[in-house]
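Notes follow once the structure below has been shown.
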Amino acid sequence: MHLSETWPPALQQALTNIRHLVVFTGAGVSAESGIPTFRDALTGLWSTFDAEALATPEAFLRDPELVWGWYEWRRSKVLQVQPNPAHQAIAELARQVPRLTLITQNVDDLHERAGSSSVLHLHGSLHHPRCFRCAHPLETLPDPLDLSLGERRLAPPRCGHCGGLIRPGVVWFGEMLPEQALTDAFAAARSCDLLLSVGTSGLVYPAAQIPDIAWQAGATVLHVNPQPLVVRAEREFCLTGLAGELLPHLLAALVRP
């Protein structure tokens, strides 16, 4: 039996009538490509550090070489892995529905490498560093950190406009999310008829509001998560399992002949 044949009739109906699909992804999607989640314990060179202690403006000002080195190490790890079937299925979904908005909490570029475009990055990106002082984007990314060197510290580049230090392009603790991306994400949630939430813990605010905003506006909400989630009495469903296994089934159910 095809997996979609076992889905609740209300969910099948929602899938059949999609006009605007919002896909909201979290760390679980990237974890299936081999990228550790932010809450995983650091390993190797960084095993004695606390990730949250490195992810603040104060940490960067105190020791920019240490913080830049850690984020370049993270970027190099991202570049060593590939998009998985979940990323690929999401990219293909955009060709199967009238409208798709992709919102992610992830700071990697796996969605883009899988073929998705106009991704709303709520927590910034490892691949778009900018000046700490004037916020001007760095025009040319440095070569990835050579992990074989066993060195944690790495001097950040200088801004070509003001001479300030270049910082990672991610949202740090204590910083606001990018205003335009968050505004666009909330607007998409209010206007969609189906929101697909994939691999997110629902613990990081304000991004965690997005499924609730969609549900309160009348949309159907479908969670895909390795662990079962408690759902509301109506218009909310959870498929338990790996995104890379379940999303291709969802795509197959939507493919137009």
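The values are calculated or read from the model by the stated rules, or taken from the named source; none is laboratory data. Please read all numbers here as calculations on a predicted model, not as lab measurements. Here the Cβ is made from the backbone with ideal geometry for all residues, glycine too, and neighbour counts use every protein chain on show.
Test PRO168 against the criterion of being in contact (Cβ under 8 Å) with a residue 24 or more places away in the chain and either part of a loop (DSSP other than H, G, I, E, B) or under 30 Å from LEU251 (Cβ atoms) (or both), and give yes or no. Considered against the rule, which asks whether it is in contact (Cβ under 8 Å) with a residue 24 or more places away in the chain and either part of a loop (DSSP other than H, G, I, E, B) or under 30 Å from LEU251 (Cβ atoms) (or both), PRO168 comes out as no. ARG158 fulfils the conditions (1) outside the structural domain of CYS192 (by TED's automatic domain parsing); (2) in contact (Cβ under 8 Å) with a residue 12 or more places away in the chain; (3) farther than 16 Å from SER30 by Cα except for a single criterion, (2). Remark: THR101 matches the filter, which requires a residue to be touching a Cys at 6+ places or on another chain (Cβ under 9 Å) and not aliphatic (A, V, I, L, M). Within the set LEU242, LEU194, the sole residue that is buried (at least 18 other Cβ atoms within 10 Å of the Cβ), within 17 Å of the chain's Cα centre (by Cα) and closer than 24 Å to ALA94 by Cβ turns out to be LEU242. Taking the criterion of being surrounded by 13 or more Cβ atoms within 10 Å (Cβ to Cβ), among the hydrophobic types (A, V, I, L, M, F, W, C) and modelled with pLDDT under 95, the residues of segment 144-169 that qualify are LEU145, LEU147, LEU154. Scanning segment 200-233 for residues that are within 20 Å of VAL97 (Cβ to Cβ) and either part of a strand (DSSP E or B) or out of contact with any Cys (no Cβ under 9 Å at 6 or more places or on another chain) (or both) returns ILE210, PRO211, ILE213, TRP215, GLY218, THR220, VAL221, LEU222, HIS223, VAL224. Taking each residue of segment 11-39 that is over 19 Å from THR104 (Cβ atoms) and looking for partners that are of a type in the set (Asp, Glu) and surrounded by fewer than 20 Cβ atoms within 10 Å (Cβ to Cβ) with beta-carbon atoms closer than 6 Å, six or more apart or interchain, yields ARG19/ASP193.
In segment 170-191, the qualifying residues are those that are more than 24 Å from ALA94 (Cα to Cα) and of a type in the set (Phe, Trp, Tyr), and the one that is surrounded by the fewest Cβ atoms within 10 Å (Cβ to Cβ) is PHE173. Restricted to segment 6-79, the set of helices (runs of 4 or more DSSP H) holding at least 3 residues that are surrounded by fewer than 15 Cβ atoms within 10 Å (Cβ to Cβ) and modelled with pLDDT under 90 comprises 9-16.
Yes or no: segment 99-108 includes at least one residue that is outside any helix (DSSP H, G or I), outside the structural domain of ALA55 (by TED's automatic domain parsing) and either over 18 Å from the mean Cα position of the chain (by Cα) or on the phi > 0 side of the Ramachandran plot (or both). Yes, segment 99-108 contains at least one residue that is outside any helix (DSSP H, G or I), outside the structural domain of ALA55 (by TED's automatic domain parsing) and either over 18 Å from the mean Cα position of the chain (by Cα) or on the phi > 0 side of the Ramachandran plot (or both).
Screening the candidates VAL204, VAL231, VAL224 for the property of being in the same structural domain as LEU15 (by TED's automatic domain parsing), out of contact with any Lys or Arg (no Cβ under 8 Å at 6 or more places or on another chain) and over 27 Å from GLN82 (Cβ atoms) yields one hit, VAL231.
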